[in-house]
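The values are calculated or read from the model by the stated rules, or taken from the named source; none is laboratory data. Computed from a predicted model, the values in this text were never measured in an experiment. All Cβ positions, even for glycine, are placed from backbone atoms using ideal geometry, and neighbour counts span all protein chains on display. To get the accessible areas, we keep the full protein, side chains included, count just its heavy atoms, and leave off ligands, DNA and RNA. Shrake-Rupley method; radii C 1.70, N 1.55, O 1.52, S 1.80 Å.
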Number of protein chains: 2
Amino acid sequence: MKIVAALGGNAIIRYREKGTAAEQLSHIDAAVAPLARMIAVGHKVLITHGNGPQVGDILLQNECAKDAVPRMPLDVCGAESQGMIGYMIQQCMQNRLEALGVEAPVVGVLTRARVDGADPAFATPSKAIGPYYTHAEAESLGKYEGWPIREEKGRKWRRVVPSPEPLEILEADPVKVLFESGAVVIAGGGGGVPVIKTATGLRGVEAVVDKDLAAERLASTVGADLLLMLTDVEGVYLDYGGADEELIRSMDTCKARAFLARGEFGTGTMAPKVEAAVRFVEKSGGIAVISHLDAAEDAAAGLVGTQVIPA
Amino acid sequence: MKIVAALGGNAIIRYREKGTAAEQLSHIDAAVAPLARMIAVGHKVLITHGNGPQVGDILLQNECAKDAVPRMPLDVCGAESQGMIGYMIQQCMQNRLEALGVEAPVVGVLTRARVDGADPAFATPSKAIGPYYTHAEAESLGKYEGWPIREEKGRKWRRVVPSPEPLEILEADPVKVLFESGAVVIAGGGGGVPVIKTATGLRGVEAVVDKDLAAERLASTVGADLLLMLTDVEGVYLDYGGADEELIRSMDTCKARAFLARGEFGTGTMAPKVEAAVRFVEKSGGIAVISHLDAAEDAAAGLVGTQVIPA
């Protein structure tokens, strides 16, 4: 089976953890161990990953050092996070494969997602990124950097950026070539660096592409049978956190679309995962599963998590 | 012709420049423009690059932000710099190619160089990296971090790390697959992230691999005919900066080895370039050229720079 596995960035740097390299490597190792076993029994796997907490840390480092080192724009920081996380996944995966006696190259590809400069998302920045600010800091950043700033819980402010649709993975061809050559490919980190096409060529933009929607593009690129979205909850819930909370074990794309339409799922958390699942299943006829990071094998076998199946 | 072009990190962030993203993109664009023209007339090019100033900036950002964000080890910072520089090269190269009507994927591969944990270089750290410190800071870092610190010119201190030999590019197979598929490949950034093989698997180490020696490994991987080392001087000089300064236009490997043996070239600057050139030419029978970053075409044609030819 051809599988695209998407690892959540929040599952790599966890809540209340500092996010040291050792902590990140340990969570990544736990996440790739079941994927390595799946490769050992003959499945072909492409890994993609989020970068929220990591790019947040890089932005904060840029901020703290701004008098000494010029701040890099968000596209460049995103590319840095791909290097950081891609390398760590590569190391963990290769070690797991070697322990299982599997010889396969593990390779990280820097990835850009082409977005439309006229995407309506650019008019309504929605994705909070980077450090939290006080009200005074937020006002000053809004004024001097021109950043849209949004108030979060607890009188904290954060920069918000647009989250446009990924139209195309610009590295689709090389990713396909590598995948078909038998390599375990890591690609699409953080949703890919968003770039737009201008009269003078490609230009990076200060935006964030949803990594699950980008994962769907990659799944379509390599002709995946299964899109596995691995996160920090057991699956998709109805009335999440409410009195009638209920794990959905399986839903077809029709039902999933209905749930999406009535706003059952959290914007920016579960909704884009379900959206990516629906798009993938509708286009490919394959199956998508949303499950906990540590349960990839059982999720692929349909034993845990939420399956999205053709209608 | 198959060409491996190595771009110097110091040619991307230049002396007395701040190293903004715009400055770096502008120098990268100037460097890749002639390479794009060479691709347009049918040559196949793999690009590798240094990362000295960039990883120095990332280390400084880590330092400034250390109370808020855990400092990443040098291997992870090196991987970040590959993401940053690889992405910028990719954007500039693809735009140059499209302007010339060339359709070829441009792809950046995260690269690790396997080194020997018993390499004598680990006993004698030689490569200065990252920010400059005062004497007091240096003493404290030596004491609390265990870093070897070396005094540089002007009563400034810097951390020094080992520079072991690159034995193997771990991504050699995927790099070859991509190169042969017709992609313009960016690989081996900063010499590759150095990793050692341990009883429990691969482990990143706090060291720096010389990017020209890594370029030689990549040139051998793809069976290059020409290794082009592009830097911020016109070529290789005898008595550089002295009264009898003289640009060498051509030397065979035998002569080059003799010059190396008598210490004609600067350690850590020109000597590793000449060493990489000699190794490449001896093994492959190809030609190596060391020249200025902006002059890749003329250098490939033998019109400028220093050619190293078979004996």
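Provide the net charge surrounding B:SER163, with neighbours chosen by a C-beta distance below 15 Å and charges set as Lys +1, Arg +1, Asp -1, Glu -1. Intermediate values should be presented prior to the final figure.
Numbers: positive: B:ARG114, B:LYS127, B:ARG150, B:ARG158, B:ARG159, B:LYS211, B:ARG217, B:LYS273; negative: B:ASP75, B:ASP116, B:ASP119, B:GLU165, B:GLU206, B:ASP210, B:ASP212, B:GLU216, B:GLU275.
Around B:SER163, the charge tally is -1.
Pick out, from B:GLY235, B:GLY154, B:GLY101, the residue whose Cα sits farthest towards the positive end of the charge dipole of the protein assembly as shown, with +1 on the Cβ of Lys and Arg and -1 on the Cβ of Asp and Glu.
B:GLY154
With a ≥ b ≥ c taken as the square roots of the eigenvalues of the C-alpha gyration tensor of the protein assembly as shown, please select rounded if a/c is under 1.5 and otherwise prolate if a/b is larger than b/c or oblate if it is not?
Numbers: a/c = 1.79, a/b = 1.57, b/c = 1.14.
Since a/c reaches 1.5 and a/b is larger than b/c, the shape of the protein assembly as shown is classed as prolate.
Would you tell me the mean number of C-beta atoms belonging to other protein chains that fall within 10 Å of each C-beta in B:186-196, as a whole number?
On the way: counts 1, 1, 0, 2, 0, 0, 0, 4, 0, 4, 0.
The per-residue average across the peptide is 1.
When each copy gets a label point 7 Å from Cα toward the beta-carbon at A:GLY266, what are the spacings between them in nm, shortest first?
5.4
Report for the protein assembly as shown the percent antiparallel among DSSP-assigned beta bridges with both residues inside it, nearest 5.
45 percent
Amide H to amide H under 5 Å from B:LEU46: which residues, 5+ apart in sequence or cross-chain, H placed 1.01 Å off N in plane?
Long-range HN contacts for B:LEU46: B:ILE3, B:VAL4, B:ALA5.
When a/c is below 1.5 the answer is rounded, else prolate if a/b is larger than b/c, else oblate, so apply that to segment A:190-280 with a ≥ b ≥ c taken from the square roots of the Cα gyration tensor eigenvalues. Present the calculation step by step, with values, prior to reporting the outcome.
Details: a/c = 2.51, a/b = 1.89, b/c = 1.33.
Prolate, since a/c reaches 1.5 and a/b exceeds b/c.
If you place +1 on the Cβ of every Lys and Arg and -1 on the Cβ of every Asp and Glu, how big does the dipole about the Cα centre of chain A come out, in debye to the nearest 20?
My answer is approximately 440 debye.
State the answer as a single residue: which of B:GLY190, B:PRO34, A:LEU110 lies farthest towards the positive end of the charge dipole of the protein assembly as shown, with beta carbon charges of +1 for Lys and Arg and -1 for Asp and Glu, about the Cα centre.
Positive-end residue among those listed: B:GLY190.
If each label sits 7 angstrom from Cα along the C-beta direction, how far apart, in nm, is A:ALA199 from its counterparts in the other copies?
Reported distances to equivalent positions: 6.6 nm.
Return the chain B residue and its Cβ-to-axis distance, rounded to the nearest Å, for the rotation relating B to A.
That would be B:GLY83, 1.
For segment A:61-94 and segment A:105-182, compute the distance between their C-alpha centroids and round to whole Å.
Using only Cα atoms, the two centres lie 14 Å from each other.
Which whole-number percentage describes the relative contact order of chain B, with Cα contacts under 8 Å and a sequence gap of 6 or more? Write down the numbers at each step before the final one.
Working: 662 pairs, mean separation 65.8, N = 311.
21 percent.
What does the charge count around A:GLU246 come to, taking other residues whose C-beta lies under 14 Å from its C-beta (Lys +1, Arg +1, Asp -1, Glu -1)? Intermediate values should be presented prior to the final figure.
On the way: positive: A:ARG249, A:LYS255; negative: A:GLU234, A:ASP239, A:ASP244, A:GLU245, A:GLU264.
Within the 14 Å Cβ shell, the charges total -3.
Relative to the Cα centre, what is the charge dipole magnitude of segment A:1-148, using +1 at the beta carbon of each Lys and Arg, -1 at the beta carbon of each Asp and Glu, and rounding to the nearest 20 debye? Display every interim value, and only then the final one.
Values: 13 positive and 15 negative charges, 96 e Å.
Taking the Cα centre of segment A:1-148 as origin, the dipole is about 460 debye.
Note down the net charge around A:ALA295, summing +1 for each Lys or Arg and -1 for each Asp or Glu among other residues with Cβ under 14 Å from its Cβ. Walk me through the numbers before you get to the answer.
Working: positive: A:ARG37, A:ARG249; negative: A:ASP232, A:GLU234, A:ASP294, A:GLU297, A:ASP298.
In short, -3.
Nearest 500 deg cm²/dmol is fine: what mean residue ellipticity at 222 nm does chain A get from its DSSP H runs of n ≥ 4 alone, each adding -39,500 (n - 2.57), divided by its residue count?
On the way: 9 runs with 119 residues, N = 311.
Helix contribution divided over all residues of chain A: -12000 deg cm²/dmol.
Using a Cα-Cα cut-off of under 12 Å, which aspartates and glutamates could be cross-linked to B:LYS2, ignoring same-chain neighbours fewer than 8 residues away?
Qualifying aspartates and glutamates at Cα under 12 Å: B:GLU180, B:ASP225.
Among DSSP beta bridges whose residues both lie in segment B:185-311, state the antiparallel percentage, nearest 5. Could you put the intermediate results ahead of the total?
Working: 9 of 18 bridges.
Rounded to the nearest five, the antiparallel share is 50 percent.
Rounded, prolate or oblate: which fits segment A:68-157 when a ≥ b ≥ c are the square roots of the eigenvalues of the alpha-carbon gyration tensor, with rounded for a/c under 1.5 and prolate only if a/b beats b/c? Could the numbers behind the result be given before it?
On the way: a/c = 2.75, a/b = 2.14, b/c = 1.28.
It is prolate, given that a/c is not under 1.5 and a/b is the larger ratio.
How large is the charge dipole for the protein assembly as shown, taken about the Cα centre, if only the Cβ atoms of Lys, Arg (+1) and Asp, Glu (-1) carry charge, to the nearest 20 debye? Could you put the intermediate results ahead of the total?
Details: 62 positive and 80 negative charges, 36 e Å.
Computed about the Cα centre, the dipole is about 180 debye.
In nm, to one decimal, how far is the B:GLU139 label point from the B:ALA22 one, both placed 7 Å along Cα→Cβ?
According to this spin-label approximation, the distance is 4.3 nm.
Once you've got the GNM for chain B with C-alpha springs shorter than 10 Å, pick whichever of B:HIS292, B:HIS49, B:HIS135 has the biggest mean-square fluctuation.
Residue with maximal mean-square fluctuation among B:HIS292, B:HIS49, B:HIS135: B:HIS135.
How much of the accessible area of the protein assembly as shown, probe 1.4 Å, is carbon plus sulfur, in whole percent?
Whole-percent figure for carbon plus sulfur exposure: 50.
I need the trypsin sites (Lys or Arg not before Pro) found in segment A:115-191, filtered to DSSP loop residues with at most 12 other beta carbons within 10 Å of theirs.
Details: sites: A:LYS127, A:LYS143, A:ARG150, A:LYS153, A:ARG155, A:LYS156, A:ARG158, A:ARG159, A:LYS176; in loops: A:LYS153, A:ARG155.
Sparse-neighbourhood loop trypsin sites (Lys or Arg not before Pro): A:LYS153, A:ARG155.
Work out the mean other chain Cβ neighbour count within 10 Å for the residues of A:276-289 and drop it here as an integer.
Details: counts 0, 0, 0, 0, 0, 0, 0, 0, 0, 0, 0, 0, 0, 0.
That works out to 0 on average.
Give the A-B buried accessible area in Å², both sides summed, 1.4 Å probe, nearest 100. Before the final figure, lay out the partial values.
Working: alone 14380 and 14400 Å², together 24600 Å².
Buried surface at the A/B interface: approximately 4200 Å².
Just for chain B, what percent of DSSP beta bridges are antiparallel, to the closest 5? Present the calculation step by step, with values, prior to reporting the outcome.
Details: 20 of 48 bridges.
Approximately 40 percent, going by the DSSP bridge assignments.
With the crude spin-label approximation of a point 7 Å out along Cα→Cβ, what separation in nm comes out for A:ARG257 versus B:ALA199?
Inter-label distance under the simple model: 5.9 nm.
Please compute, for peptide B:12-21, the average count of beta-carbon atoms on other protein chains lying within 10 Å of each residue's beta-carbon.
Details: counts 0, 1, 0, 0, 0, 1, 3, 3, 5, 8.
For peptide B:12-21, the averaged partner shielding equals 2.
State the Cα centre-to-centre distance between segment B:249-282 and segment A:210-266 in whole Å.
59 Å
At B:CYS254, label 7 Å along Cα→Cβ: distances to the other copies, nm, ascending?
Counterpart label points of B:CYS254 in the remaining copies fall at 8.3 nm.
Averaged per residue, what accessible area in Å² does chain B show with a 1.4 Å probe, protein chains only?
Numbers: 12310 Å² over 311 residues.
The answer is 40 Å² per residue.
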